[in-house]
Amino acid sequence: MNERLAAKFEEIGQMLELLGANKFRVIAHEKAARVIRDLPGDVGELASDRERLLALDGIGAKQADKIAEFVETGDIGEHAELRAKVPAGLLDVLSVPGVGPKTVKAMWEQLGVTDLASLQRALDDGSVTQLPRMGAKSVERIKASLKFLESGGSRLPIGVAMPVAERLVAMLREVEGVAQAEFAGSLRRGVETIGDIDILACVENDEAAARAHKALREGVVDVVGSGETKTSVRVSLERNFGRWKGHEEATGPTVQVDLRTVPGESFGAALMYFTGSKAHNVALRERAQKQKLTLNEYGLFPDDGKSEGSPQSRGVKPVAGKTEGEIYKKLGVAVVPPELREDRGELDADLPGVIELEDIKAELHAHTTESDGEMALAELVRRAHERGFHTIAVTDHSKSATVANGLSPERLKKQRAEIERLHEQLDADGVEIDVLCGSEVDILADGSLDYDDDVLAALDFIVASPHAALSQDTKTATKRLLRAIEHPLVHVIGHPTGRLIGRRAGLEPAMGELFAAAKEHDVALEINAHWMRLDLRDTHVRAAGEAGVKIAIDCDVHAPADFDNLRYGVLTARRGWLPKDLCVNAMTRAQLRAWVRSKRS
DNA sequence: GCCGTTTTCGGCCCGACTGTTTTCAGTCG
């Protein structure tokens, strides 16, 4: 519901813009869309309470009316009225990179462009050049953008982009005269998908900058543009895990990488600026303004009473800029970790100490060769121990998961015996790790579990997950998951919605009801750390945390490298403001044992 | 259309780049 309503608001804003409405009215709708999209719970649960709607930053009387109207009727009258005036395909045209509202409006009014197809025709027959300021280069740029969109110019999962960025950052740090290099943008904020990779390098002088830009240009698929302070290239994703060298033609998917070089005195300001989010930056700048300061990507500047050009061009000395920390400090707010910079109240909140990667001491969702994992039991346990974990839960699939070689109750018994033998061996070797004999039990379509209670009761640990029937309606899905949460033997609900990022929406249960039930029954909800899942998502985690629900961050380990996905789970947890004390994987061994056994008394 | 440590009216972040201009509009982040 949140997503659908947010899209409505976004479209209202875009249509208003194409009709030439006041730009601040447009911005107000964009902001409302973002606020609704970021809403922790379902907007439907909120809509009846007008006071709470109005309390949201950016929602006034008119927007509150529209929200209530949408929740009640499933549509917004204003949206329908605008839709009658603005062709639907124009919004697709607006999404073409490099084509903004002014251009779309002119194309529509003067050339009759109403969708991508008619845009393509206007480009091909040259009629677009009739428009003012539309020359040959602009036409080529738009054509290239259209091609990019056709080739699936969609956002990359964070797990695909991150290794590329880290490889390039490491390479840049080796360049002589480069004091620091960091990736910024949505990647640094830990967003689940990213559009391009922004890298910032702090250089000692112009020569060092030139070396850095040259280093990035060498051995990449395509150089989009290169100047003294900015270079844009496209990097092949397929050589992602191989050697970073060579000029051979790559035909596969690529990602755009932008490198900017900045001097040390403004590195912090630039890093902050390029990390965003844009909304966070705007909020910070408004705050600076109230304190008679100007914040830009060069630093934080005092007001000198002039307004000609930028402060740095007037020779004004910045009061901060070298580091992000000193800028936040001068503005009188707590240093905000990158993952929280979304203008979701982080500047006014008493920020909690959010969880960190090092806090995780247990993996509670792992598969072996008994079902669909790649590692035998002993190897799984050894690798968990090498990671410094005090506990590993062995949770192979249950019997209905036939494609994943789910275990029958008989095989489960055998596995239990094997784990007991392993425990004896570990004791003898002096290896301290708790190996929990568990299962990832299917939550069947009606909410019942895939093993009988006597089978479940014989296990130490139960992760219950939905795997099939992932298109159920909200009511059915809510009932299904509530039934699993209420089951007295269940510890964790694994990947609660079953979504796959960019591929499958998954279930859309009433999250507020799930959180209340999870809290009541002391069941943890999982953040599945695989970058294709990240389920729960960040906004869910925020609401769950506020409701006091326990959260598990699990890698759903199938292969050795899956342990490395933990970082994405932790990034998502941090985006959800998760404090360490709500995360079951961050418990001490004794705390975890106590919680695990509490379900078996 | 929203909002208030000057304000219930009059503001609403800041700068760079690009291509097209002959001083700047449009787009982006």
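A few comments on the model shown:
- Options A:Ser232, A:Leu340, A:Leu187, ranked by Cα towards positive dipole end of chain A, top entry (Cβ charges): A:Ser232
- Taking the DSSP beta bridges with both ends in chain A, the antiparallel portion is around 45 percent.
- For the pair A:Val282 and A:Ala117, a Förster radius of 41 Å applied to the C-beta separation gives a FRET efficiency near 0.70, rounded to the nearest 0.05.
- Mean ellipticity per residue at 222 nm, deg cm²/dmol - from DSSP H runs of n ≥ 4 across chain A, formula -39500 (n - 2.57): -13000 deg cm²/dmol
- The slack in the chain from A:Asp372 to A:Glu150, taken as 0.36 nm per residue of separation less the alpha-carbon distance, amounts to 76.3 nm.
- Working from label points 7 Å from Cα in the Cα-to-Cβ sense, the A:Asp473 to A:Val319 distance is 5.8 nm.
- Residues A:Glu69 and A:Ser598, FRET efficiency given R0 of 45 Å [Cβ-Cβ distance, rounded to 0.05]: 0.45
- Calculated FRET efficiency for the pair A:Ala136/A:Asp522, C-beta based, R₀ 60 Å, to 0.05: 0.35
- Under 5 Å from the amide H of A:Lys550 lie the amide H atoms of A:Leu525, each residue being 5 or more positions distant or on a separate chain, with H modelled from the backbone and absent for Pro and chain starts.
- Alpha-carbon centroids, segment A:362-426 and segment A:26-61: separation in whole Å: 45 Å
- Kirkwood hydrodynamic radius computed over segment A:357-598 comes to 17.5 Å, based on all pairs of distinct alpha carbons.
- Principal axis dimensions, segment A:156-340 - Cα atoms, whole angstrom, descending: 55, 36, 25
- Listed cross-link partners A:Lys519/A:Lys599; A:Lys137/A:Lys278; A:Lys23/A:Lys102 are compared with a 19 Å cut-off, the Cα-Cα value being larger for A:Lys137/A:Lys278.
- Spatial separation of Cα centroids for segment A:315-354 and segment A:129-183, in angstrom: 28 Å
- Rg ratio for chain A: its Cα radius of gyration over 2.2 N^0.38 Å, N being its residue count, equals 1.06.
- Among complete DSSP H helices in chain A, those whose alpha-carbon atoms stretch at least 20 Å along the helix's long axis and whose mean Kyte-Doolittle hydropathy reaches -1.0 are A:2-18, A:23-38, A:136-150, A:158-173.
- Reducing segment A:481-532 and segment A:550-597 to their Cα centroids gives an inter-centroid distance of 14 Å.
- Note on segment A:2-150: with charges restricted to the Cβ of Lys and Arg (+1) and Asp and Glu (-1), its dipole about the Cα centre is near 740 debye.
- Percent antiparallel among DSSP beta bridges (both partners in segment A:421-528, rounded to 5): 20 percent
- Dipole in debye (nearest 20) - chain A, about Cα centre, beta carbon charges: Lys, Arg +1; Asp, Glu -1: 1700 debye
- Stretching A:His423 away from A:Ser226 to a fully extended chain increases their span by 65.0 nm, per 0.36 nm per residue minus the current alpha-carbon distance.
- With both labels modelled 7 Å from their Cα along Cα-to-Cβ, the A:Glu51 to A:Ser95 distance reads 4.0 nm.
- Fewest-first sequence of A:Val164, A:Val541 by Cβ atoms within 10 Å of each Cβ: A:Val164, A:Val541
- Two-decimal ratio, segment A:347-395, of alpha-carbon radius of gyration to 2.2 N^0.38 Å: 1.60
- Its alpha carbons considered, segment A:1-90 gives a radius of gyration followed by a Dmax of 12.4, 37 Å.
- Charge dipole of chain A about the Cα centre (unit charges at C-beta), most positive-ward option of A:Ala469, A:Leu514, A:Ser266: A:Ser266
- Difference of contour (0.36 nm per residue) and Cα-Cα distance, A:Gln180 to A:Arg25: 51.7 nm
- Annotation for A:Arg382 and A:Thr129: the two label points, set 7 Å from Cα along the Cα-Cβ direction, are 6.9 nm apart.
- Each principal axis of the Cα atoms in segment A:257-412 has its own extent, and those three values, largest first, are 80, 32, 29 angstrom.
Computed from the coordinates by the stated procedures, all read-outs in this text should not be read as laboratory data. This structure is a prediction, so every number in the text was calculated from the model and none was measured. Quick reminder, even Gly has a Cβ in these numbers, built from the backbone with ideal geometry, and neighbours come from all protein chains shown.
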